[in-house]
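A short write-up of the structure that comes next.
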């Protein structure tokens, strides 16, 4: 059986984590690489389940969306909000007093 081994260099920013890996590996009678791989496999499986659940939730929401059923109502609601609601993100030009066009140069060129 010819097994392909993928290499990955792991850098420890916390010396204690590296030391604990060596201590636990010695206690279990395995190499640090083997122990790290086994622990990563378990953690990655758990994380992958969470990612899969989140993606499945998003997919179910998308499957449940039927734009054609409420499209007219949604357009009408949006149009009414544009007319009747105050825009919470309304912007205005803010300029320091020293940058104001006190001599009317910009106004002269804007005509």
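Since every read-out is calculated from the coordinates, none of them should be taken as a lab result. As the structure is a computational prediction, the values presented were derived from the model and not from experiment. Glycine also receives a Cβ, built like all others from the backbone with ideal geometry; neighbour counts cover every protein chain displayed.
If you rank 86, 17 by fewest surrounding Cβ atoms within 10 Å, what's the result? Please report the intermediate quantities before stating the final value.
Details: 86 5, 17 11.
In order of increasing Cβ crowding within 10 Å: 86, 17.
Highest-first packing order for the peptide set 5-11, 37-43 is 37-43, 5-11, based on the mean count of other beta carbon atoms within 10 Å.
Helix 67-84 and the longest principal axis of the C-alpha atoms of the chain enclose an angle of approximately 50°.
The calculated FRET efficiency for the pair residue 83 and residue 52, based on their C-beta separation and a Förster distance of 41 Å, comes to about 0.40. What angle do you read, to the nearest 10 degrees and between 0 and 90, between the alpha-carbon axis of helix 32-64 and the longest principal axis of the chain? Compared with the principal axis, the helix lies near 40 degrees. Against the chain, whose longest principal axis comes from its Cα atoms, helix 15-28 is set at around 40 degrees.
Hey, can you rank 45-57, 18-30 by average C-beta count inside 10 Å, highest first? Before the final figure, lay out the partial values.
Working: 45-57: 9.8, 18-30: 12.5.
Going from most to least packed, we get 18-30, 45-57.
Note on segment 59-77 and segment 9-30: Cα centroid distance 53 Å, given to the nearest whole angstrom. Subtracting the Cα-Cα distance of residue 15 and residue 108 from 0.36 nm times their residue separation leaves 26.7 nm of extension gain.
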